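Input: a single structure, listed below in structure tokens.
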Amino acid sequence: MKHFIADTQLSKSELEQLIKLAIDIKQNTSNYNQVLKGKSIVTLFEKPSLRTHVSLDIGIAKLGGHSLYIGQQNGQLGKRERVKDVAKNLACWADAIVARVFDHQVLQEMAEHASIPVVNALCDKYHPCQALADFQCLTETFGSVENLNLAYVGDGNNVSNSLMLMGSILGANVTIVTPPGHGPSQEFIEQADKLATQSGAKFKVCHDINDIGEQQAIYTDTWVSMGDDTKVEDILNIFMPFQVNESLMAKTGASAVMHCQPAHLEQEITTSLFDSNQSLAFVQAENRMWAQNAVLVTLLQD
Ligand code: NVA
């Protein structure tokens, strides 16, 4: 593993190893408190962040490493200087780059030109650090993710792409339920189909909430992602039937609800469900740190 920029770069056993390592770092943190000693990691953000920024900073410190946050002070990536040159400069001093960008292409370009590992901290297409933390959380909750019925309900976006791709590699039965016209792209559907066939999992996309079927966990995310200028008022009517609430939990038999946050309460999820003991949202948030640490330790091991 050289970079971590798309879910499909990893095999089932590599992902399982990362999840196992994330759980071990979580349970036995003191055994790992020097593993990033002498390593400097640049965390670069083109978009706002609470969980990713803080979990990276504190997570890297817990392993004895040093993180340096770079926001928008240098303007949009690729405007003031070429992405290629930013990557080559950062590689002169740092040991890894973790970047949240608008365009996945920017990460590809960085990975191509930086001589150090590049990690995707969210882009337009994927959110692999989130998916890894989520499958860690599901492993801890259900014992295994193989044959686990997991539905994502809402807007087809970076989070659902990573969930369906990583889930299909790991053998989870992922169902994506979105309003018509808001589903994953055909390219990602075909990839997930193929990966599910290889792992023996079931993968389904549907656009009628009544087709959701029996589920063990339901996942949702914002109806309008960062960088999308759609006004939520303009889409409320088509998305409201896809709200994740107690009645959907009862209908599907799901015992757990997941959200990567920030949550838009009373839109994609009800306040009462988000605050309930069925909600794994804060375990997911905590696991961001352990999962990212597992990725960094794996990428930076000597
Ligand atoms: N889909 C959301 C995820 C935020 C963590 C977004 O891209 O804004």
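Cβ separations smaller than 6 Å between residues 6+ apart or across chains give the following pairs from region 222-234 residues that are over 15 Å from Phe102 (Cβ atoms) and within 7 Å of the ligand (Cβ to nearest atom) to residues that are at pLDDT 95 or above and in a loop (DSSP other than H, G, I, E, B): Thr222/His264. Of everything listed in (1) of a type in the set (A, V, I, L, M); (2) under 30 Å from Leu195 (Cβ atoms); (3) buried (at least 21 other Cβ atoms within 10 Å of the Cβ), the single unmet condition for Leu21 is (3). Can you find, within region 182-217, the residue that is surrounded by the most Cβ atoms within 10 Å (Cβ to Cβ) among those that are within 16 Å of the ligand (Cβ to nearest atom) and not in a helix (DSSP H, G or I)? Ranking the candidates gives Pro184 first.
Can you find a residue in region 153-167 that is crowded, with 16+ Cβ neighbours inside 10 Å, more than 16 Å from the ligand (Cβ to nearest atom), under 19 Å from Gln284 (Cβ atoms) and not aliphatic (A, V, I, L, M)? There is at least one residue in region 153-167 that is crowded, with 16+ Cβ neighbours inside 10 Å, more than 16 Å from the ligand (Cβ to nearest atom), under 19 Å from Gln284 (Cβ atoms) and not aliphatic (A, V, I, L, M).
When Ala111, Ala172 are checked against the criterion of being in the same structural domain as Trp93 (by the TED database) and either without any contact (Cβ under 8 Å) to a residue 40 or more places away in the chain or surrounded by fewer than 24 Cβ atoms within 10 Å (Cβ to Cβ) (or both), a single residue qualifies: Ala111. Would you pick out the residues in region 260-302 that are farther than 23 Å from Gly38 by Cβ, surrounded by 16 or more Cβ atoms within 10 Å (Cβ to Cβ) and touching a strand residue (DSSP E or B) at 6+ places or on another chain (Cβ under 7 Å)? Selection gives Ala263, Glu268, Ile269, Leu273, Phe274, Gln278, Ser279, Leu280, Ala281, Gln284. Note on region 100-152: residues that are over 23 Å from Leu300 (Cα atoms), within 14 Å of the ligand (Cβ to nearest atom) and either out of contact with any Gly (no Cβ under 7 Å at 6 or more places or on another chain) or among the acidic types (Asp, Glu) (or both) amount to 4. Residues that are of a type in the set (Ser, Thr, Tyr) and buried (at least 19 other Cβ atoms within 10 Å of the Cβ) within region 33-48 comprise just one, Thr43. The condition (being part of a helix (DSSP H, G or I), exposed (fewer than 15 other Cβ atoms within 10 Å of the Cβ) and in contact with a strand residue (DSSP E or B) (Cβ under 9 Å, 6 or more places away or on another chain)) is satisfied by just one residue among Ala87, Ala61: Ala61. Is one or more of the residues making up region 187-206 out of contact with any strand residue (DSSP E or B) (no Cβ under 6 Å at 6 or more places or on another chain) and within 13 Å of Tyr152 (Cα to Cα)? No, every residue in region 187-206 fails to be out of contact with any strand residue (DSSP E or B) (no Cβ under 6 Å at 6 or more places or on another chain) and within 13 Å of Tyr152 (Cα to Cα).
The values are calculated or read from the model by the stated rules, or taken from the named source; none is laboratory data. This one's a predicted model, so the numbers in the text were calculated from it and none came from an experiment. Here Cβ is always computed from backbone atoms with ideal geometry, including for glycine, and neighbour counts include all displayed protein chains.
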